[in-house]
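Data first, discussion second: the structure below is written as structure tokens.
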Amino acid sequence: MTEHAPTDEIRDDTDPSTFPDAASSSTAEPPVSDWNPRGPRARRDAVALYDDMRARCPVARGPSAAWTLFTHADVMAAALDHEIFSNGASRHLQVPNGLDGPTHTVFRALVDRYFTKARMAAVEPVVQRVAADLVGQLRVPGGIDAVETGSRFAVRAQSAWLGWPAELEGELLQWMEANRRATRSRDPSRTAEVARWFDAIIRSLTDARRRAGDEAPDDVTTELVRARVDGRELVDGEIVSILRNWTGGDLGSMALCAGVVLIYLADHPDLQARLRSGVPDQEFNAVLDEILRIDDPFVVNRRVTTESVTVGGRALAAGDRVFLNWTSANRDPRMFGDPERFDPVGNAPYNLVYGIGKHVCPGRPLATLELRALTRAVLEATTAIEPDPDRPRERELPPVGGFAVAPLILR
Ligand code: HEM
């Protein structure tokens, strides 16, 4: 997710200052930093900077002493080594992504229940209807910002899935924008404030279900309120954290993914024509995954080392903070040759857009289903998706990727 528009409280944050022990790093002297993840080069063209770092300094120390891993091999190895690279990297309760070992396994099993094939098959027509209604409201011919359309779609699709009222749409959209601004500001008090706002939204929904008892609506949120782990009910903080994980971080990532996918189709009319001719779901999914591999807007997740370890010839001490840069790993020429070469089938086995290992994204089937529904709805309502010659696109700023503004013309 990503981190999408992450705050520390939301999913998984890219601001090293929010790691536990940030002030008590294992090195006495502040180390010389190899790069600046938020400096002018990153703001100008983050993907180009990651490509350069991967080639020049594939295990790099940032200004706040956190490491970033850039190669496919290193990112994959760290994601698969759950012993040395712990997910306990936040001081906030994050269920399940901040958990390790057996505790993670128990909560992960709970979360996985909500993303089974049967559940996805049941929610698919609902999401398709949401996409068709939303696209039906767009002016064709006319201009859109694909990220704005993606945000609205993400809120409506997630609300339909979770059983949240349509009246929340305005507040959730406002929240997404506030979250985005807070993430950009890097001001911990602002990120804490938007996190508290989100918690209040979630608690109003869970409290209402508790009060309603047997009369509570039959939806995913009620089910979670009643769920049990290890023979006990979940405590409030756990429920809020799970729902926060599903929505807080992922509304932003869905919107960014929609922006990346629709812009790519506008820039590649041949691919657009192929999709318009009708392709089966599996092939459509592979196309979406490959577009996101080339320009992965979910940039990083973090870990903290539990013991000293050498990566790419560099010595990481126990307790060091580490970022896995998925965007860079997904463009590693050692794995993919020319990273821009579009090969959905050949590149699929190495695609890391949804992570790998125990923490691999459980929401992948839902995210894919939503993106497919939105993209198909836009294709069906139009004869062409084109770049807008009059409105420039704007890239998002690190710690997230993709576009902040993705203007398109629909015909
Ligand atoms: C929109 C596109 C999405 C992308 C690109 C994405 C990507 C990822 C990645 C790379 C991870 C691995 C994190 C790590 O190793 O630390 C992850 C984990 C996770 N994702 Fe997603 N995700 C997306 C959508 C979703 C959705 C829609 C949901 C739920 C509704 C979701 C829920 C989660 C959860 C709960 C985890 C943590 C799993 C664990 O720690 O066991 N994601 N996601």
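The values are calculated or read from the model by the stated rules, or taken from the named source; none is laboratory data. Bear in mind the structure is a predicted one, so any value in this text is a computation, not a measurement. Don't worry about glycine lacking a Cβ; one is built from the backbone with ideal geometry, like all the others, and counts go over all protein chains shown. These area figures cover heavy atoms from the full protein model, side chains too; ligands, DNA and RNA do not enter into them. Shrake-Rupley method; radii C 1.70, N 1.55, O 1.52, S 1.80 Å.
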Self-check item: Scan of segment 209-240 for residues that are open to solvent by 40 Å² or more (accessible area, probe 1.4 Å) and in a helix (DSSP H, G or I), ordered by number
Solution: Arg210, Arg211, Asp214, Glu215, Glu223, Arg226, Asp236
Quiz item: Of the residues that sit in segment 85-116 and are open to solvent by less than 30 Å² (accessible area, probe 1.4 Å) and closer than 19 Å to Ser308 by Cβ, which one is nearest to the ligand (Cβ to nearest atom)?
Solution: Asn87
Self-check item: segment 179-196, subset aliphatic (A, V, I, L, M) and more than 17 Å from the chain's Cα centre (by Cα), residue farthest from Pro125 (Cα to Cα)
Solution: Ala192
Exercise. Answer yes if at least one residue in segment 146-155 is open to solvent by 40 Å² or more (accessible area, probe 1.4 Å), over 17 Å from the mean Cα position of the chain (by Cα), at negative phi and not β-branched (Val, Ile, Thr), and no otherwise.
Key: no
Exercise. Being open to solvent by 40 Å² or more (accessible area, probe 1.4 Å) and in contact (Cβ under 8 Å) with a residue 60 or more places away in the chain narrows it down to one of Pro141, Pro125, so name that one.
Key: Pro141
Quiz prompt | Filter result (touching a Gly at 6+ places or on another chain (Cβ under 8 Å), open to solvent by less than 10 Å² (accessible area, probe 1.4 Å) and within 10 Å of the ligand (Cβ to nearest atom)) within segment 294-322 | solution = Asp296, Pro297, Val299
Exercise. Check off (1) within 16 Å of the ligand (Cβ to nearest atom); (2) open to solvent by less than 20 Å² (accessible area, probe 1.4 Å); (3) out of contact with any Pro (no Cβ under 6 Å at 6 or more places or on another chain) for Arg331 and give me the number that stays unchecked.
Key: (3)
Exercise. Answer yes or no: is there a residue in segment 265-279 that is away from the ligand (no atom under 15 Å from the Cβ), within 20 Å of Ala48 (Cα to Cα) and either open to solvent by 10 Å² or more (accessible area, probe 1.4 Å) or acidic (Asp, Glu) (or both).
Key: yes
Exercise. Evaluate segment 319-337: report whether one residue or more is out of contact with any Asp or Glu (no Cβ under 8 Å at 6 or more places or on another chain), assigned to a loop (DSSP other than H, G, I, E, B), at pLDDT 95 or above and not acidic (Asp, Glu).
Key: yes
Quiz item: Out of all the residues in segment 69-83, which are away from the ligand (no atom under 14 Å from the Cβ) and not charged (D, E, K, R)?
Solution: Phe70, Thr71, Ala73
Quiz item: Which members of segment 347-383 meet the condition of being within 7 Å of the ligand (Cβ to nearest atom) and open to solvent by 50 Å² or more (accessible area, probe 1.4 Å)?
Solution: Lys358, Arg364
Quiz item: Looking only at residues in segment 174-186 that are open to solvent by 10 Å² or more (accessible area, probe 1.4 Å) and in contact with a helix residue (DSSP H, G or I) (Cβ under 6 Å, 6 or more places away or on another chain), which one is nearest to the ligand (Cβ to nearest atom)?
Solution: Met176
Quiz prompt | Those residues of segment 321-343 which are farther than 25 Å from Phe85 by Cα and touching a Leu at 6+ places or on another chain (Cβ under 9 Å), in sequence order | solution = Phe342
Quiz item: Mind checking which residues of segment 137-159 are in contact with a helix residue (DSSP H, G or I) (Cβ under 8 Å, 6 or more places away or on another chain) and small (Gly, Ala, Ser)?
Solution: Ala146, Gly150, Ser151, Ala154, Ala157, Ser159
Quiz prompt | Any pair with Cβ under 9 angstrom, 6 or more apart, that starts in segment 325-342 at a residue that is more than 13 Å from Glu290 (Cα to Cα) and free of Cβ contacts under 8 Å to residues at least 24 places away in the same chain and ends at one that is open to solvent by 60 Å² or more (accessible area, probe 1.4 Å) and not aliphatic (A, V, I, L, M) | solution = none
Quiz item: When only residues in segment 280-293 that are within 16 Å of the ligand (Cβ to nearest atom) and open to solvent by 10 Å² or more (accessible area, probe 1.4 Å) count, which is nearest to Leu369 (Cα to Cα)?
Solution: Asn285
Quiz item: Do you know which residues across segment 304-318 are in contact (Cβ under 8 Å) with a residue 60 or more places away in the chain and in a loop (DSSP other than H, G, I, E, B)?
Solution: Thr306, Glu307, Gly312, Gly313, Ala317, Ala318
Self-check item: Residue satisfying condition, being under 30 Å from Gly143 (Cβ atoms), open to solvent by less than 10 Å² (accessible area, probe 1.4 Å) and either not in a helix (DSSP H, G or I) or not acidic (Asp, Glu) (or both), within set Leu243, Leu262
Solution: Leu262
Quiz prompt | Search result, residues across segment 194-238 that are in contact (Cβ under 8 Å) with a residue 60 or more places away in the chain and among the small types (Gly, Ala, Ser) | solution = Ala195, Ala227, Gly237
